[in-house]
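What follows is a single structure, written as structure tokens, with notes after it.
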Amino acid sequence: MVGELVGHGEADCLESDREALLDFKGGLEDHHPGLLSWTGRNCCQWWGIHCDNDTGAVTHVDLRNPHPEILYDVSFSRYGLWNLRGMIRPSLAKLKSLKYLDLSFNTFRGIKIPEFFGSLHNLQYLNLSNAGFGSPIPSSLGNLSSLRYLDLRSNNFYSKVPHWLVNVSSLRTIDISFSGLHGRIPHSLADIPNLEILRLSANDLSASSSQLLRGKWGKIQILELGMNRIQGKLPTSIGNMTSLTYLDLSDNDIEGGIPRSIGKLCNLKYFLVSDNNLTGTLPESLEESQYCVSSSPLTSLQYLDLSNNQLSGRLPEFLSRLENLVELMLNNNKLHGPVLDSLYLLQKLKKLDLGKNRLNGSLPKIIGQLSELSILDIGSNCLSGVVTERHFLKHTSLESLDLSFNSLKLDVGLNWTPPFQLRFLELSSCHLGSSFPSWLESQRNIEVLSLSNASISGPVPHWFWEISPSLSFLNFSFNQLGGQLPSSFKVNGTYVTVDFSFNLFEGPIPLPIGDTRVLDLCNNKFSGTIPENISDSLPDLSFLSLSGNQINGEIPTSIGKMQSLLVINLSSNKLTGTIPPSIGNCSRLNNLSDLVTLDLGSNRLRGRIPRCIGECFQSLMILCLRSNEFFGQLPSTLSNLSSLHLLDLAENELHGTIPASFGDFKPMTRMQNNLEYLFYGFSGNSYYQENMVVIMKGQPLRYTKTLSLVISLDLSGNNLSGDFPVEITKLLNLMVLNLSRNHISGHIPISISKLEQLSSLDLSSNWLSGPIPESLSLLSFLGNLNLSSNSFSGKIPYIGHMTTFDASSFAGNPRLCGAPLDVGCTNDTDDDESNKEWSLVDSYIDKWFYLSVGLGFAAGLLVPFLVMAVRKSWSDAYFGLVDKVAETLRFLKHKRAKHKRAPGPR
């Protein structure tokens, strides 16, 4: 039934029913186009109303919104003029003959389903789906003894599955999916004698699969339980559910293997168990049922989806006997062995997805006989060999092809015209030949094109830019493509990703025209300046990477207008000037407020680091300004960056002390192990993710998927001074700490053992002194330690995890002794006394040093005057005193150095 249904009987509607409908209308908001027809005496002619032909009693009220606009926010979205809102008055219960009530796809703003609905005793059909109802489902609905169809899908009940459902024996269809249900699924639902359809998907329901699927469902045909918390194995008793045509258990916690008894399900068309924990091998054969018409099992099966599990073993031969199969999805498992030649027998197959497994061998040529195939995905396997034109011989319907991330070579003729028109083409890491594939000129509908790492070189032909307007994902990265690109080219897709990174492109920066969200041109030979009009050409850009090119000039101020930017990576170029005020100027409302990554490293930028950076970017996770010419002190306001994971200010001209507030970076202080993929674009089957180079152990390491777990602080290669900041030991989640090549003094605090996640610590080439704390040995994750070229003293605490480091970690500290150095230590007492003695010497030398400096300064002003004004004997006495002091200092310094070199007892 639909909203346009009206009565055509000879009888006029009952006056009592007419008055009830008018009162019901009074509770609703006005201006509904359908309700405008509710005029006149005969309500049987009104929109959405149907009456009994003989009595004139209203039997159907169908006020379903016929034009829903937004389906994913059913509770509070407005569906235009056809959207019913308001209250539901009890007068509706006066329609004593009502059999059919449909209020679906409206917005009742969280009100409870009226209790009086339970008094509509003749009601057989009740559809309240996508209508914005809330609160628990009223138990009064259990009084609807004639109810056959109950659809409460996509509401906000946040309650348990109603226990009274089992008492409504007339029910044939129950749909309460996507409705916030929780608790256990009552096993008693199987006792509803006439139940044919049960849909409870996308809730928070739990159950034991072995009890739930125990075979008591006498007439059940459709059982949808996906996206819940059903646990356990698929029981062999599942084979007793012989009426089953549709079974959806996807996205639960189903484990174990597939029982052979599913072969008894003669009528099964859909078997969907994806996104679970299925293990073991697929059965080599299936059980047969004596009640099936066909002698082969599962001959009715059309859709088999076991993707995203842990299934292993080879593809079983029974798959090729599923003659009615339309979709076969086994992707993202651990299957190995060859792709079956016999799959060509599945002549109705439209989708074949075997991607992300461990399949090996070659791709059978006979697969080209699947004339109905529209989607072929064998990407991310271990396949090898040559793919020729014969593999696509009859693929006239093919729209999506993924051969990526194998060791396949595509060998087709120069004049080959494919029989298909693709929308999605992914050939990354395939060998396509030395030049750009000419057969692509025939493809006019491509939306996703990924040719990354495809061994192609030379220029991109001019004709390619004629087919680009339909593209929404374009990836040519990691090839040897060169020459100049058009200064602009059109892309007409939505949320477009353009990735030309890691090639040999040169010339000015190209700007795509269209809804581009990701532009990655890094690691090429682009030159010139960043176009000042970049904000006009790419107003909605979220990801911009121009790193690793030869771009010069200043950063255009217009970048600050690009309010959707999440990533700015301009590193490793020849940029000059300062950070423009438009980046990080909080005086402008929402200026780049969602920025996640700002990487301006390895340029020639100067000036002070703007203090306002720490006040603007509350979403900033990565800030890299390394290898520039920034000067001044570290802004203490940087600690306000409440999302910061990686701070790299290395190799600049920064001075002063490290602010104590640097111990307050929130993500660095709290423990977290959540892996958060930093995705910035998505189109079809492809995505674009953030990547970043982190200096660790002196080597650049590129992080992609695990980037969100890298917590790093690098201030190396500056002129920072002051004591080692003890506040840094509050950064409990820190993985990388590099303060090397500065002038930091003081001792390493014992509390450094709090940094339990630390994997790399570099404090080399500073002025640190005192003993190396024994607590360093407690850092069990520490894989890189460099304390060289400091003034540490005493015995190295060579215990525990410290024994994994060699002498290079401690070199250049003359007063250190013990393993792993070749310098032995004296006994503890002598060593302590020696240290005390030489501490006094150090103090004596230091005092004389500063005194001599002071005397020298005074002498520089006074002595010439005294010498000339008084007499020569006074000046002789002064310089004699200075000579004696200098000689004494030289003697003590020589004696101290000799003491350091003296080997201790072995």
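The values are calculated or read from the model by the stated rules, or taken from the named source; none is laboratory data. Here the structure is a predicted model, which is why all the values come from computation and not from measurement. Ideal geometry is used to build each Cβ from the backbone, glycine not excepted, and the neighbour counts take in all protein chains shown. Quick note on the areas: whole protein, heavy atoms, side chains included, nothing else; ligands and nucleic acids left out. Shrake-Rupley method; radii C 1.70, N 1.55, O 1.52, S 1.80 Å.
Sort through SER542, SER572, SER537 and tell me the only one that's touching a Lys or Arg at 6+ places or on another chain (Cβ under 6 Å), open to solvent by 10 Å² or more (accessible area, probe 1.4 Å) and modelled with pLDDT of 90 or more. Break it down into steps so the answer makes sense when it comes.
Working: SER572 fails: touching a Lys or Arg at 6+ places or on another chain (Cβ under 6 Å); SER537 fails: touching a Lys or Arg at 6+ places or on another chain (Cβ under 6 Å).
One residue alone meets the criteria, SER542.
Counting residues that are out of contact with any helix residue (DSSP H, G or I) (no Cβ under 7 Å at 6 or more places or on another chain) and within 23 Å of SER472 (Cβ to Cβ), which strands (runs of 3 or more DSSP E) fully inside segment 512-608 reach at least 2?
Fully inside segment 512-608 and qualifying: 516-520, 543-545, 567-569.
Could you run through segment 89-115 and say how many residues are assigned to a loop (DSSP other than H, G, I, E, B), more than 43 Å from the chain's Cα centre (by Cα) and among the charged types (D, E, K, R)? Quick ask: steps written out before the conclusion?
Step one: filter segment 89-115 for residues assigned to a loop (DSSP other than H, G, I, E, B), giving 89, 95-99, 103-111, 113-114.
Of the ones still in play, those that are also more than 43 Å from the chain's Cα centre (by Cα) are 89, 95-99.
Next, from what is left, pick out any that are among the charged types (D, E, K, R): 89, 96, 99.
Counting residues in segment 89-115 that are assigned to a loop (DSSP other than H, G, I, E, B), more than 43 Å from the chain's Cα centre (by Cα) and among the charged types (D, E, K, R) gives 3.
Can you name the strands (runs of 3 or more DSSP E) wholly within segment 372-469 that have at least 2 residues being crowded, with 17+ Cβ neighbours inside 10 Å and among the aliphatic types (A, V, I, L, M)? Before you say what the answer is, go through the steps one by one.
Working: elements: 375-377, 382-387, 400-402, 407-410, 424-426, 448-450.
Correct list: 375-377, 382-387, 407-410, 448-450.
If a residue must be in contact with a Phe, Trp or Tyr (Cβ under 6 Å, 6 or more places away or on another chain) and in a helix (DSSP H, G or I), how many such residues does segment 116-139 contain?
1
When segment 721-768 is examined, which residues are found to be among the charged types (D, E, K, R) and over 18 Å from ILE711 (Cβ atoms)?
ASP723, ARG741 - these are the residues of segment 721-768 that are among the charged types (D, E, K, R) and over 18 Å from ILE711 (Cβ atoms).
If you take the residues in segment 41-78 that are at pLDDT below 95 and of a type in the set (Asp, Glu), which one is surrounded by the fewest Cβ atoms within 10 Å (Cβ to Cβ)?
Filtering first and then ranking leaves ASP54.
Residue by residue, here is whether (1) aromatic (Phe, Trp, Tyr); (2) open to solvent by 30 Å² or more (accessible area, probe 1.4 Å) holds:
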site: PHE478; (1), (2): yes, yes
site: LEU481; (1), (2): no, no
site: VAL496; (1), (2): no, no
site: GLY507; (1), (2): no, no
site: ARG517; (1), (2): no, yes
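Can you tell me how many residues in segment 259-273 are surrounded by 21 or more Cβ atoms within 10 Å (Cβ to Cβ) and assigned to a loop (DSSP other than H, G, I, E, B)?
3
So how many residues does segment 738-754 have that are within 33 Å of the chain's Cα centre (by Cα) and within 12 Å of VAL726 (Cβ to Cβ)?
Total satisfying the criteria: 2.
Report whether or not SER780 is under 33 Å from the mean Cα position of the chain (by Cα), polar (S, T, N, Q), at pLDDT below 95 and crowded, with 16+ Cβ neighbours inside 10 Å.
So SER780 does not fit the description; no.
Taking the stated definitions as given, is GLY142 in a strand (DSSP E or B), open to solvent by 10 Å² or more (accessible area, probe 1.4 Å), of a type in the set (Gly, Ala, Ser) and free of Cβ contacts under 8 Å to residues at least 60 places away in the same chain?
Values: in a strand (DSSP E or B): no; open to solvent by 10 Å² or more (accessible area, probe 1.4 Å): yes; of a type in the set (Gly, Ala, Ser): yes; free of Cβ contacts under 8 Å to residues at least 60 places away in the same chain: yes.
Spelling it out, it is not the case that GLY142 is in a strand (DSSP E or B), open to solvent by 10 Å² or more (accessible area, probe 1.4 Å), of a type in the set (Gly, Ala, Ser) and free of Cβ contacts under 8 Å to residues at least 60 places away in the same chain.
Looking only at segment 788-801, how many residues end up being modelled with pLDDT of 95 or more, among the hydrophobic types (A, V, I, L, M, F, W, C) and over 12 Å from HIS747 (Cα atoms)?
Qualifying residue count for the region: 1.
Has segment 622-631 got at least one residue that is closer than 21 Å to LEU538 by Cα, among the acidic types (Asp, Glu) and either in the same structural domain as ASP499 (by the TED database) or open to solvent by 40 Å² or more (accessible area, probe 1.4 Å) (or both)?
Taking segment 622-631 and keeping what is closer than 21 Å to LEU538 by Cα, we get none.
No; the residues of segment 622-631 include none that is closer than 21 Å to LEU538 by Cα, among the acidic types (Asp, Glu) and either in the same structural domain as ASP499 (by the TED database) or open to solvent by 40 Å² or more (accessible area, probe 1.4 Å) (or both).
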